[in-house]
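The values are calculated or read from the model by the stated rules, or taken from the named source; none is laboratory data. Small disclaimer: the values here were computed from a predicted structure and weren't measured. In this analysis, Cβ positions are derived from the backbone assuming ideal geometry, glycine residues included, and neighbour counts consider all displayed protein chains.
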């Protein structure tokens, strides 16, 4: 039994008031989102990794722009195991098929998307920029991390970022991932466009759209905060071979769990 079991669910109005107030200012979101959309192998920022002297525990010390990685109190990822039942609002996804544009940026495999795919959160429209993958999952459920996690990165006209998270567990082969895996570069470099291949990002989302909602950050430097996170509770599947293929390129590209601190962690009913 979790600590919130005797609480009444938050009303939709109170949830939206909380989210709007907490996320009102985000001066760095636009520049960060632009960088996410077109990240190159060579970066002007400090070189970072997931281990050793350039690993997550040192990100905040590597450059002034990364300071929030160590000082922030709204950092991601987190453990989703103690969420409060709530009505955070409706997520409406309108993704369109996109030409496969895949890049190995040295930290993950990322698929940049054509214009036209959107997500609407309570009437506010966000444009899909790209989606990428982590092994193992970055978010956890009661301490358990899934084999992988996919992040769909969006931006609205005000420069606010919103990310959808999808857990991936071993099971049937994922036909949507198959062409991505077939064409993903084995080393860091520029975007690879495959004009003959179209992929449909919506087919990477679970059928059950129940989700967790909280305010967090980018999970990589510069760790900018005020990112609206929505993580679906139902995982999708990929074959063991597909998981192993990705792990062969990125054996571990997941940031350690961060503290929830005084944030609300909500779960849709």
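General remarks:
- Residue satisfying all of: in the range 144-166; outside any loop (DSSP other than H, G, I, E, B) and out of contact with any strand residue (DSSP E or B) (no Cβ under 8 Å at 6 or more places or on another chain); nearest to residue 256 (Cα to Cα) among these: 145
- Just one residue in the set 195, 217 is surrounded by fewer than 16 Cβ atoms within 10 Å (Cβ to Cβ) and more than 17 Å from residue 133 (Cβ to Cβ); that residue is 195.
- Criterion applied to 154, 107, 134, 90 was being within 22 Å of residue 221 (Cβ to Cβ) and free of Cβ contacts under 8 Å to residues at least 60 places away in the same chain, and the one residue passing it is 154.
- Lone qualifier among 250, 246 - being buried (at least 22 other Cβ atoms within 10 Å of the Cβ), within 29 Å of residue 63 (Cβ to Cβ) and over 13 Å from the mean Cα position of the chain (by Cα): 246
- Residue match in the range 167-182 (condition: closer than 19 Å to residue 257 by Cα and surrounded by 15 or more Cβ atoms within 10 Å (Cβ to Cβ)): yes
- Test: residue in the range 55-74 that is assigned to a loop (DSSP other than H, G, I, E, B), within 16 Å of the chain's Cα centre (by Cα) and surrounded by 15 or more Cβ atoms within 10 Å (Cβ to Cβ): yes
- Residue check for residue 73: modelled with pLDDT of 95 or more and in contact with a helix residue (DSSP H, G or I) (Cβ under 6 Å, 6 or more places away or on another chain): no
- Of all residues in the range 112-139 being assigned to a strand (DSSP E or B) and under 13 Å from the mean Cα position of the chain (by Cα), the one that is farthest from residue 195 (Cα to Cα): 134
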